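Reading through the structure tokens given below for one structure.
The values are calculated or read from the model by the stated rules, or taken from the named source; none is laboratory data. Since we're looking at a predicted model, the values are computed, not measured. Neighbour counts run over all protein chains shown; Cβ positions are idealised from the backbone, glycine included.
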Amino acid sequence: MWLYRRPGRQRALRKLYRPFIDPGDRVFDVGAHVGDRTRAFAALGARVVAVEPHPDLAARLRRRFRRDARVEIIDTAIGAEPGRATLHVSSATPTVSTLDSGWMRRVRERNPGFSDVRWDRPVEVSVITLDAMIERYGEPAFVKIDVEGFEPTVLAGLGRPVRALSFEFVAGALDGASDCIARLARLGDYRFNAVAGERRRLRWSSWRSPSETANWLAAGADGLASGDVYARRYDQAP
């Protein structure tokens, strides 16, 4: 959610993603923010499409990866259908800018960590779908989705089961993560795991079914403030 610069972070990220990504694989980083995950994916030998609609962050990504032929930056949003949408920008905390106005209201009311966040600048952005991304770039081995509450809408534009992906969850809006699980269960036979906050290891020793994961979220996700759910097609899960 925020800007991260911690010793050893990149090494830990590479360790987290290595089971999902082989050299030469295609990876979509949806909501690339400042590019820490993009950097880890590229270091694993992936060909990365980093998607970031926030104009300032997209410009930063272009500067950061201007000499890396493995990374392509796209300054658009991903949604249920192509078109235009309003990105609600937080000038003070740009990485929590969002396209979901309902999510803004819920997290400010229910999550103390967002009580002081202000979304003070609307920016019109273009929108494409994950299906269109796949048509253009090919099947991804992994899709990282971190779009501040817009994750269900991103997955609504996916019509086929990709090999593996992750999506963010935030306390106060866990229903969105449950919607993502339901969507993926309709697309294919998935198993799930989770990462707490900004930790770089999977939380459970064995992958869980859609119903088990949805029940965990409904019970409050162990009180976590935020994290990521990881989904892997059953034929790919250990």
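The set of residues in segment 75-109 being without any contact (Cβ under 8 Å) to a residue 40 or more places away in the chain and assigned to a strand (DSSP E or B) consists of Thr86, Leu87, His88, Val89. Somewhere in segment 11-22, is a residue surrounded by fewer than 14 Cβ atoms within 10 Å (Cβ to Cβ), out of contact with any helix residue (DSSP H, G or I) (no Cβ under 9 Å at 6 or more places or on another chain) and over 22 Å from Gly227 (Cα atoms)? Yes. One residue stands out among those in segment 23-38 that are assigned to a helix (DSSP H, G or I) and not acidic (Asp, Glu): the one that is surrounded by the fewest Cβ atoms within 10 Å (Cβ to Cβ), which is Arg37. Please determine, by comparing only the residues of segment 195-223 that are in a loop (DSSP other than H, G, I, E, B) and under 17 Å from the mean Cα position of the chain (by Cα), which one is nearest to Leu165 (Cα to Cα). Result: Leu202.
Yes/no per residue for (1) assigned to a strand (DSSP E or B); (2) free of Cβ contacts under 8 Å to residues at least 40 places away in the same chain; (3) under 16 Å from the mean Cα position of the chain (by Cα); (4) within 24 Å of Arg106 (Cβ to Cβ):
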residue: Gly149; (1), (2), (3), (4): no, no, yes, yes
residue: Leu155; (1), (2), (3), (4): no, yes, yes, yes
residue: Gly172; (1), (2), (3), (4): no, no, no, yes
residue: Cys180; (1), (2), (3), (4): no, no, yes, yes
residue: Arg183; (1), (2), (3), (4): no, yes, yes, yes
residue: Asn193; (1), (2), (3), (4): yes, yes, yes, no
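Restricting attention to segment 73-131, the residues that are within 17 Å of the chain's Cα centre (by Cα) and more than 17 Å from Thr153 (Cα to Cα) total 5.
Any residue in segment 117-127 that is hydroxyl-bearing (Ser, Thr, Tyr), at pLDDT 95 or above, surrounded by 14 or more Cβ atoms within 10 Å (Cβ to Cβ) and part of a strand (DSSP E or B)? Taking every residue of segment 117-127 in turn, at least one turns out to be hydroxyl-bearing (Ser, Thr, Tyr), at pLDDT 95 or above, surrounded by 14 or more Cβ atoms within 10 Å (Cβ to Cβ) and part of a strand (DSSP E or B).
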